[in-house]
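Shown next, in structure tokens, is the structure this report addresses.
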Amino acid sequence: MSHYVLDHEDRIMLVNTGRPGPQDPFVGQVIWERLPGAEPLLRHRLDEARRTGREVGFTIFYAGRTRHIRAVPAADGLAVYVEQLTELNVRTLAALAESLRQIVAELDAREPVRRDPQAPVSPQALP
């Protein structure tokens, strides 16, 4: 599990990925510069945690992985915990299909309401 601390302007103040190696290059940068395309997925949830003063947990699919995010407000910023769940496996068509099933199951299990339900299936639409 990775752990980040963001200030009120979404600058990274602390990084702990649990892996060896320097984490300092990320410190001081705005998180949206480090995670291209993630702002529309994350910003409203991070803002919700700041606005309400309550922990907000959610699951997203970003950069080929399903991740569970917890945003916890603190006096000096926002602690963000990232748990890697499922990674998209594209080695074979069968592996891709299985990883997609796992990702859908992870998202369904953690979200009480499906935001984008699948269209109903009609056997008449099949050749």
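The values are calculated or read from the model by the stated rules, or taken from the named source; none is laboratory data. As the structure is a prediction and not an experimental result, all values here were calculated from the model. Note that each Cβ is placed from the backbone with ideal geometry, even for glycine, and that neighbours are counted across all protein chains shown. Accessible surface is based on the protein model in full, side chains and every heavy atom, while ligands, DNA and RNA are left aside. Shrake-Rupley method; radii C 1.70, N 1.55, O 1.52, S 1.80 Å.
For the set Met1, Met13, solvent exposure ranked by accessible area (probe 1.4 Å, protein chains only) runs largest to smallest as Met1, Met13.
The heavy atoms of Leu93 present about 140 square angstrom of accessible area, all protein chains included, probe 1.4 Å. Other residues with beta-carbon under 13 Å from the beta-carbon of Gly64 carry, at +1 per Lys or Arg and -1 per Asp or Glu, a net charge of +2.
Just to make sure I understand: if all protein chains stay in place, what is the order of Leu96, Leu42 by accessible area at 1.4 Å, largest first?
Details: Leu96 50, Leu42 15 Å².
Ranked list, largest accessible area first: Leu96, Leu42.
How large is the charge dipole for region 8-67, taken about the Cα centre, if only the Cβ atoms of Lys, Arg (+1) and Asp, Glu (-1) carry charge, to the nearest 20 debye? Mind showing how you got there, number by number?
Working: 10 positive and 8 negative charges, 44 e Å.
Dipole magnitude for region 8-67 comes out near 220 debye.
Ordering His8, His44, His68 by accessible surface, largest first, gives His8, His44, His68; the 1.4 Å probe counts only protein heavy atoms, with every chain in place.
Name the trypsin sites (Lys or Arg not before Pro) in region 1-98 that are in a loop by DSSP and that have at most 12 other C-beta atoms within 10 Å, would you? Walk me through the numbers on the way to the answer.
Numbers: sites: Arg11, Arg34, Arg43, Arg45, Arg50, Arg51, Arg54, Arg65, Arg67, Arg70, Arg91; in loops: Arg54, Arg91.
Answer by residue number: Arg54, Arg91.
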